[in-house]
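Presented below is the structure to which this report refers.
The values are calculated or read from the model by the stated rules, or taken from the named source; none is laboratory data. From a predicted model like this one, the values you see are computed outputs, not experimental measurements. Note: ideal-geometry Cβ built from the backbone for every residue, glycine included; neighbour counts use all protein chains shown.
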Amino acid sequence: MTSQRKAGPFRAGGGCRVVMPLLLAFVSAACPQSSAPSTCPTSSASCPTPAPGYDADVGPLIARYCSRCHSLDGGNPSVLLQGYADVTSKSQRGNVLFQLSSCRMPPEGEPQPTTPERDLILSWFACCAGGGCPP
């Protein structure tokens, strides 16, 4: 006898499209509002198949666009984004998601991810809602 698992909002393939907008709305309401660039692309991130991974896909983008400032010797050492554990920590995940999805980070004047790069990172976060961030 095989057991069937019902798809739910926190299981892969079971509602990431619903969870992501709700998560973004919650994070937006909880974070201080500052003006986002008017050129911020809108994204309806969902978890693709196959899911992007941190090591191969997202980590290099975090290193390129975030780690220079978010390191011990960077401009904002109180918010470390040096690796998977930093980006996925409960204390950082929502903030990183909000800052990136609203184009508040990277700040104006710093190199910016392309729209496909930003979408890739956001889709990886959508996959996190499925029960864990793909390494």
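Identify, by number, the condition in (1) under 20 Å from Pro111 (Cβ atoms); (2) touching a residue at least 40 places away in the same chain (Cβ under 8 Å); (3) buried (at least 16 other Cβ atoms within 10 Å of the Cβ); (4) of a type outside the set (Asp, Glu) that Ala45 doesn't meet.
Unmet for Ala45, out of (1) under 20 Å from Pro111 (Cβ atoms); (2) touching a residue at least 40 places away in the same chain (Cβ under 8 Å); (3) buried (at least 16 other Cβ atoms within 10 Å of the Cβ); (4) of a type outside the set (Asp, Glu): (1).
Going through Ser43, Ser34, Ser38, Ser3 one at a time, which residue ends up being at negative phi and either within 17 Å of the chain's Cα centre (by Cα) or at pLDDT 85 or above (or both)?
Ser43
Taking Thr114, is it modelled with pLDDT of 90 or more, of a type in the set (Val, Ile, Thr) and over 28 Å from Gly131 (Cβ atoms)? Steps first, answer last, please.
Details: modelled with pLDDT of 90 or more: yes; of a type in the set (Val, Ile, Thr): yes; over 28 Å from Gly131 (Cβ atoms): yes.
Yes; evaluated as a whole, the condition is true for this residue.
Please indicate, with yes or no, whether at least one residue in the range 81-96 is in a loop (DSSP other than H, G, I, E, B), charged (D, E, K, R) and over 12 Å from the mean Cα position of the chain (by Cα).
No, the conditions are met nowhere in the range 81-96.
Filter the range 92-130 down to residues that are under 15 Å from Ala63 (Cβ atoms) and of a type in the set (Asp, Glu) and give me whichever is surrounded by the most Cβ atoms within 10 Å (Cβ to Cβ).
Of everything passing the filter in the range 92-130, Glu117 is surrounded by the most Cβ atoms within 10 Å (Cβ to Cβ).
So which residues in the range 100-135 are free of Cβ contacts under 8 Å to residues at least 60 places away in the same chain and under 12 Å from the mean Cα position of the chain (by Cα), if there are any at all?
Selection gives Leu100, Met105, Glu117, Cys128.
Sort out which residues of the range 106-135 are in a helix (DSSP H, G or I) and small (Gly, Ala, Ser), and write them in order of number.
Matches in the range 106-135: Ser123, Ala126.
Looking at Arg68, Arg64, which is the one that is modelled with pLDDT of 95 or more and not β-branched (Val, Ile, Thr)?
Being modelled with pLDDT of 95 or more and not β-branched (Val, Ile, Thr) holds for just one of Arg68, Arg64, which is Arg64.
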